[in-house]
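J.: So that we are looking at the same thing, I have put the structure below in structure tokens.
Derivation of every value follows stated rules applied to the coordinates shown; laboratory data play no part. This structure is a prediction, so every number in the text was calculated from the model and none was measured. Quick reminder, even Gly has a Cβ in these numbers, built from the backbone with ideal geometry, and neighbours come from all protein chains shown.
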């Protein structure tokens, strides 16, 4: 699944009426102008098309100074786009640890899901952001949270080959045998993608290698089908 903030950030066609200047100043990363217009009474929680808010704009762009200022003026850190994405989802995608910390310190909710059921943890796990994964888990993010595809953050990390994240999530109790909507397991993700180092970690947690997906394939079958001889060997030795 691909979620792209770039489609969300289509604000370049803004008209420059007074009500839209705040967004333009954020786009330009002009903190002083942002302060000026807010001090004149501009609503920091104004919403434009798609549910787009000033705090989301600043977080998605990685503008820590503007995000901090907007929060100090009462910006809603849990403001959602129409597709359910929050500022925390945005920083989980762009990897801004500092802004993530600020959001959490100011009441951002970790287990909010977007329209696909993704939490901030899942974005961080998919994108290989070990620092954010640890931050989110330490602040109470649900480790085995399932999205609409029934997959968990562990599956994303395993499929992308993010070894440290896989290791960390398993240490924190992630379910090594979770099956998604296709009944694929994290081991199956590694099998057809050839993620050798990730598989090594998963095998340490005694996954059920007899599980089959909706195509009646085991992880071993998938390794064979996708031409992964080293993966095939590792799975056979673990059985």
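J.: Taking Cα atoms, how many degrees apart are the long axis of helix 229-238 and the longest axis of the chain, rounded to 10 and kept between 0 and 90?
T.: The angle comes out near 70 degrees.
J.: Determine the relative contact order of region 110-234: mean sequence separation of Cα pairs under 8 Å and six or more apart, normalised by residue count, in whole percent.
T.: On the way: 207 pairs, mean separation 23.9, N = 125.
Contact order relative to length: 19 percent.
J.: Could you work out [θ]222 nm for the chain from helices alone, using -39500 (n - 2.57) per DSSP H run of at least four and dividing by all its residues? Round to the nearest 500 deg cm²/dmol. If you can, show how the numbers build up before the last one.
T.: On the way: 15 runs with 120 residues, N = 239.
My calculation for the chain gives -13500 deg cm²/dmol from helical runs alone.
J.: At what distance in nm do the modelled label points of residue 206 and residue 142 sit from each other, each positioned 7 Å from its Cα along Cα→Cβ?
T.: The two pseudo-label positions are separated by 2.7 nm.
J.: Based on the alpha-carbon gyration tensor of region 149-239 and its eigenvalue square roots a ≥ b ≥ c, which shape applies: rounded if a/c is under 1.5, prolate if not and a/b is larger than b/c, or oblate? Write out the running numbers ahead of the final one.
T.: Values: a/c = 1.56, a/b = 1.19, b/c = 1.31.
Taking the square roots of the gyration eigenvalues as a ≥ b ≥ c, region 149-239 is oblate.
J.: Explain nothing, just the number: relative contact order of the chain, from Cα pairs under 8 Å at least 6 residues apart, as a whole percent.
T.: Working: 369 pairs, mean separation 24.3, N = 239.
Relative contact order of the chain: 10 percent.
J.: Here's something else I'd like to know. Which of (1) 41, 16, 13; (2) 30, 20, 19; (3) 27, 21, 17 is the computed semi-axes √(5λ) of the Cα gyration tensor in Å for the structure on display?
T.: (1)
J.: How far apart, in nm, are the 7 Å Cα→Cβ label points at residue 130 and residue 177?
T.: With each label placed 7 Å out from Cα toward Cβ, I get 2.9 nm.
J.: Highest mean first, what order results for 186-193, 104-111, 26-33 on Cβ atoms within 10 Å? Present the calculation step by step, with values, prior to reporting the outcome.
T.: On the way: 186-193: 27.0, 104-111: 16.2, 26-33: 14.8.
With the highest mean Cβ count within 10 Å placed first, the list reads 186-193, 104-111, 26-33.
J.: Right, another one. Could you tell me the relative contact order of region 1-142? Use alpha-carbon pairs under 8 Å, at least six residues apart, and round to a whole percent.
T.: Details: 181 pairs, mean separation 23.6, N = 142.
Computed over region 1-142, the figure is 17 percent.
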